[in-house]
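Here the structure is laid out as structure tokens; the discussion comes afterwards.
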Amino acid sequence: MAFGDQPAYLRVADDLRKKIAAGELPPHARLPSQARIREEYGVSDTVALEARKVLMAEGLVEGRSGSGTYVRAQPVPRRVVRGGFHTAGETTPFRQEQADDRITGTWDADSEQERAGREIAGRLGIEVGERVMRTRYVFRSLGEVVMLSTSWEPLALTGRTPVILPEEGPLAGRGVVDRMAALDLVVDNVAEEVGARPGRAEEVLALGGVPGHWVMVTSRTYFAGGRPVETADVVVLAERYRIAYRLPVK
């Protein structure tokens, strides 16, 4: 097989990738062994190994202990619909993260006080070291974990109030908009930024991915009269989801 100027391991990986895409190597099929790759492509063991590493990093194949390397079944991407903030009485923690009314879900949450680091303090417009309530959420749909979220609220706003804990008290589970309204704070704006990064081990495990998978992170902040009242990071597996927005036309 003739090769061009591209590094040998990338050329081998590219050819195997094309075979996977074409169905020549279907889902659950065993990838050619290192010896077979070496023989078929006329490359060294090192090149064959690096080519397999590329495909593993891309999530196209997975190693099975004592068995070999196999082609992964690729999921059909689903949508996580973003739709801004919801008016009082219509929102829950799941609904504020997934605005598609056809999808219902449940969530688990755990809250703990901590001191704000530099990034969170900047997002909330408070001093580094000020106390915040951090809440970690695990969201599920049809029993499957679909997203993770970590939110932070300044205790200067919610401390010593009935809504200090997002999932306890008279407005437990009602979402940011309703809870802030109880403090006479009208949420009137929300800002979001979407980025991608390699998933942390605990995130990928919780989301049902494999090591090396990338995640999409939506960093969201709710505002009331220009004042940040809550900020959060929403995490989904990049290969399984697409972020879709519903935005009003003005």
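Brief remarks follow.
- Theoretical gain in end-to-end length, residue 30 to residue 57 [0.36 nm per residue, Cα-Cα removed]: 8.0 nm
- Per-residue HN-Hα couplings for segment 173-187 [Karplus 6.51, -1.76, 1.60; θ = phi - 60°; Hz; x = Gly/Pro]: x, 8, x, 5, 4, 5, 5, 5, 4, 5, 9, 6, 10, 9, 5
- Note on the chain: helix-only mean residue ellipticity at 222 nm, from DSSP H runs of 4+ residues weighted -39500 (n - 2.57) and normalised by residue number, equals -7000 deg cm²/dmol.
- Taken about its Cα centre, the chain carries a charge dipole of roughly 520 debye when the Cβ of each Lys and Arg holds +1 and the Cβ of each Asp and Glu holds -1.
- Kyte-Doolittle mean at least -0.5 and Cα axial length at least 15 Å: DSSP H helices in the chain: 8-22, 45-57
- Distance between modelled label sites at residue 206 and residue 136, nm, 7 Å Cα→Cβ extension: 0.5 nm
- Two-site label geometry, residue 160 and residue 49: point separation in nm, points 7 Å out along Cα→Cβ: 6.3 nm
- Unit charges at the beta carbon, dipole of segment 76-243: most positive-side option, 185, 172, 222: 222
- Computed over the chain with a Gaussian network model linking Cα atoms closer than 10 Å, the most mobile of 187, 128, 229 is 128.
- Computed across the chain, the Kirkwood hydrodynamic radius from all distinct Cα-Cα pairs reaches 20.7 Å.
- The chain - accessible surface per residue (Å², probe 1.4 Å): 53 Å²
- Whether segment 116-250 is rounded, prolate or oblate, judged on the alpha carbon gyration tensor where a/c under 1.5 counts as rounded: prolate
The values are calculated or read from the model by the stated rules, or taken from the named source; none is laboratory data. Given the structure is predicted, the values throughout are model-derived calculations rather than measurements. With ideal geometry, Cβ positions are generated from the backbone for all residues, glycine too; neighbour counts draw on all protein chains shown. Accessible surface areas use protein heavy atoms only, side chains included; no ligands, DNA or RNA. Shrake-Rupley method; radii C 1.70, N 1.55, O 1.52, S 1.80 Å.
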